[in-house]
1. Which of the residues belonging to the stretch 21-43 are touching a helix residue (DSSP H, G or I) at 6+ places or on another chain (Cβ under 8 Å) and either among the β-branched types (Val, Ile, Thr) or under 15 Å from ALA57 (Cβ atoms) (or both)?
2. Tell me which residues, restricted to the stretch 26-55, are within 19 Å of MET1 (Cβ to Cβ) and hydroxyl-bearing (Ser, Thr, Tyr).
Amino acid sequence: MLRDYPDVLTVKQVACILGIGLNSAYRLVKEKQIGCIRVGKRILIPKVCVADYLTSARNTVMR
C-alpha cells in the first residue's frame, strides 16, 4: 500500500493513506502520534513513521 508513495509524505498524503480527513491528520501530527519533520512551515512525514503508526494501531484492540 505504501509502496506507491515517496519516502517523505505531506499531511495531505497521510490523510489519504489513512482514509481520514485533513484535520484529523494534522491532529495526529500535533499530538505526536505520527512522527514528523518541520522544514520552515512545511510538515514532512517520513513514510516509516506512517508504517510505525499503522503497526502500533494493529496492536490496539478496540471493543
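Nothing in this text is a laboratory measurement; each read-out follows from the coordinates by a stated rule. Only a predicted model underlies this, so the values are computations on that prediction, with no experimental measurement involved. Heads up, the Cβs are rebuilt from the backbone with ideal geometry, glycines too, and the neighbour counts pull from every protein chain shown.
1. Step one: list which residues in the stretch 21-43 are touching a helix residue (DSSP H, G or I) at 6+ places or on another chain (Cβ under 8 Å), which gives 21-22, 24-26, 28-29, 33-36, 43.
Answer for the stretch 21-43, where residues must be touching a helix residue (DSSP H, G or I) at 6+ places or on another chain (Cβ under 8 Å) and either among the β-branched types (Val, Ile, Thr) or under 15 Å from ALA57 (Cβ atoms) (or both): SER24, ALA25, LEU28, VAL29, GLN33, ILE34, GLY35, ILE43.
2. Those that are within 19 Å of MET1 (Cβ to Cβ) and hydroxyl-bearing (Ser, Thr, Tyr): TYR53, THR55.
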